[in-house]
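For reference, the structure is listed below as structure tokens.
The values are calculated or read from the model by the stated rules, or taken from the named source; none is laboratory data. Note that the coordinates shown come from a computational prediction; the quantities given were computed from them, not determined experimentally. Cβ coordinates were reconstructed from backbone atoms using ideal geometry, including for glycine residues, and neighbour counts include every protein chain displayed. Protein only, heavy atoms only, side chains kept; ligands, DNA and RNA dropped before computing areas. Shrake-Rupley method; radii C 1.70, N 1.55, O 1.52, S 1.80 Å.
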Amino acid sequence: MSDTGAAKRPPTIDDVLRLRTAEPLPSSDGGPVEGVSRDGAAPPRIVEIAQLAGVSPITVSRALRQPEKVAEAKRRKILEIVERTGYATNPHARALRSGQSNIVAAFVSNLQSQQFCLAVQGCGEVLEPQGYQLMIGQTSYSYAKETTMIQSLREMRPAAVMFTGVIEIEENRRALRALGIPIMETWAYPRDPIDMLVGFSNIDSGRLAAEHFAERGYRRVGFIGRRSGRGALRLTGFREGARAAGLDIVAELSVDGVSSMVDGRRALADLLSRNAAVEAVFCANDLLATGALLEARRLGMRLPDDIAILGFGHNDVAEELPPGLTTIGIDSRDLGRQAGAMILQRMRGEMPSEATCAVELTLTRRGSS
């Protein structure tokens with residue numbers, strides 16, 4: 001049986017990292033891509049493609065639609081420029097640019113996370129009955145993938161965009177504003193969202209983790225999480241909470257590119273090899289925490305006597321996996337529904353009463369701590 005407690009205080013602002021620029025995307029020969037807009041400007045038009053290729057716009061059109069009518073060398077040059085500049089020739093994309101799209105693009109950080117998928121499902125439950133369809137992409141916590149996807153939106157022109165995260169690169173933020181459509185960010189609580197936000201304080205989640213360990217009597221604690229983004233914010237809060245409660249953080253392990261529970265198993269084994277004296281570990285996402293719990297059991301450790309594990313993300317596995325994983329998290333489906341309702345209002349030409357909404361963090365205690 002689990003006891004659920006909540007963080008009642010007003011959410012702390014997440015000081016989200018802001019990056020001025022991203023590295024240029026490589027071309028096929030390894031050099032920077034020429035002609036690709038990096039400042040939120042509109043994508044290239046057919047006349048610009050023609051200028052770069054030294055041909056007429058009608059020749060570009062023929063190369064794309066009737067390639068047999070264009071000399072091979074000229075056609076190859078045109079297609080190479082089209083590839084480099086990201087010019088969209090897809091008729092579906094052209095239809096979306098007309099402003100009549102019923103597509104809402106939803107970009108998730110990791111499709112293996114139940115929490116992100118629940119949020120997208122909740123959003124769809126609001127939007128789909130109104131005739132909108134969700135198109136889902138995965139950024140994999142990658143700035144490069146995120147940038148590429150945002151560039152594609154200029155041509156696709158969806159009705160709205162939702163992210164399970166916040167956008168850190170300033171160029172990408174400008175590019176999204178330039179689309180002139182509703183933009184929904186989630187999973188953090190910055191002071192300056194691009195447009196709309198339904199989120200929570202990652203700093204508060206870290207503080208809540210430290211407070212829980214202190215209440216349970218642990219003193220030598222550790223942290224496993226990503227070194228950037230939300231992981232860094234949760235670590236900041238964990239450090240603050242540990243300092244306030246008199247806890248000693250004896251181990252911190254950075255894990256990037258988290259994709260599965262295997263990463264959590266490896267991370268806990270690595271952390272214990274560095275400091276076996278750790279009594280309790282806060283894992284900054286559900287995949288890491290679940291993997292860590294499995295690794296602790298594989299090593300024959302008793303939870304929570306030999307080690308306590310606390311995760312982030314209320315998922316089904318957390319409750320079913322013996323002895324039950326203690327987690328901090330949110331109602332992800334409700335977050336998605338709130339985000340969907342705000343997006344729908346904006347697409348109807350209405351303004352939500354608040355452009356920023358905070359959802360409640362909760363801690364559910366189970367047998368792992």
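Given a 1.4 Å probe and every protein chain left where it sits, what share in percent of the accessible area of the chain is carbon and sulfur?
On the way: 8100 of 16700 Å².
Reported share for carbon and sulfur atoms: 49 percent.
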State which helices in the chain qualify, where a helix is a whole DSSP H run, it must extend 15 Å or more along its own axis by its Cα atoms, and its mean Kyte-Doolittle hydropathy must be at least 0.0.
-> 114-127, 286-298
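Give the calculated FRET efficiency between Met351 and Asp192 to the nearest 0.05, with a Förster radius of 22 Å applied to their Cβ-Cβ distance. Provide the component values of the computation, followed by the final result.
On the way: r = 18 Å, r/R0 = 0.84.
With a Förster radius of 22 Å, E is 0.75.
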Taking amide hydrogens as modeled 1.01 Å from N in the peptide plane, which residues meet the under 5 Å criterion relative to Val255, leaving out close sequence neighbours?
-> Gly225, Arg226, Arg227
Could the peptides 75-85, 229-239 be put in order, highest first, of the mean number of other beta-carbon atoms found within 10 Å of their residues?
-> 229-239, 75-85
Where does the charge balance sit around Ala214 when Lys and Arg score +1, Asp and Glu -1, over other residues with C-beta under 13 Å from its C-beta?
-> 0
Give me the number: length gained by fully extending Val47 to Lys69, i.e. 0.36 nm times residue separation minus the C-alpha to C-alpha distance, one decimal in nm.
-> 6.0 nm
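Quick one: length gained pulling Ser142 to Arg266 fully straight, 0.36 nm per residue minus the C-alpha distance? Spell out each step's value before the answer.
Working: separation 124, 0.36 × 124 = 44.64 nm, distance 2.10 nm.
Gain in length upon complete extension: 42.5 nm.
Please give the peptides 62-71, 258-267, 134-143, 304-313 ranked by average Cβ packing (other Cβ atoms within 10 Å per residue), highest first, as a rough proxy for protection. Before the final figure, lay out the partial values.
Details: 62-71: 14.1, 258-267: 19.0, 134-143: 16.4, 304-313: 23.2.
Answer by packing, highest mean first, reads 304-313, 258-267, 134-143, 62-71.
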In nm, spacing of pseudo-spin labels at Asp248 and Arg219 (7 Å Cα→C-beta vector) = 0.7 nm
Ile249 long-range amide H proximity, modeled H, under 5 Å | Val221
Starting from the Cα of Gln130, step 7 Å along the direction of its Cβ; do the same at Leu17; then give the gap between the two resulting points in nm.
-> 3.4 nm
Name the long-range amide H neighbours of Gly137: under 5 Å, sequence gap of 5 or more, or other chain; modelled H, no Pro or chain starts.
-> Ala106, Phe107, Val108
Relative contact order %, the chain, counting alpha carbon pairs below 8 Å whose residues are six or more apart | 20 percent
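Summing -39500 (n - 2.57) over the DSSP H runs of n ≥ 4 in the chain and dividing by its residue number, what mean residue ellipticity at 222 nm do you reach, to the nearest 500 deg cm²/dmol?
Values: 13 runs with 152 residues, N = 369.
Calculated at 222 nm, the ellipticity per residue is -12500 deg cm²/dmol.
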In angstroms, what radius of gyration and Dmax does the stretch 206-337 have, counting Cα atoms only?
-> 13.5, 43
Cα centroid of the stretch 321-369 to Cα centroid of the stretch 236-250, whole Å = 26 Å
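With +1 assigned to the C-beta of every Lys and Arg and -1 to the C-beta of every Asp and Glu, and no other charges, what is the dipole magnitude of the chain about the Cα centre in debye, to the nearest 20? The partial results should precede the final answer.
Values: 45 positive and 44 negative charges, 192 e Å.
Charge dipole, the chain, about its Cα centre: 920 debye, nearest 20.
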Which net charge results when you count Lys and Arg as +1 and Asp and Glu as -1 among the other residues whose beta-carbon is under 13 Å from that of Arg337?
-> -3
With mean projected area of the Cα convex hull in nm² defined as stated, name the option among (i) 17.9; (ii) 31.5; (iii) 20.7 computed from the structure displayed.
-> (iii)
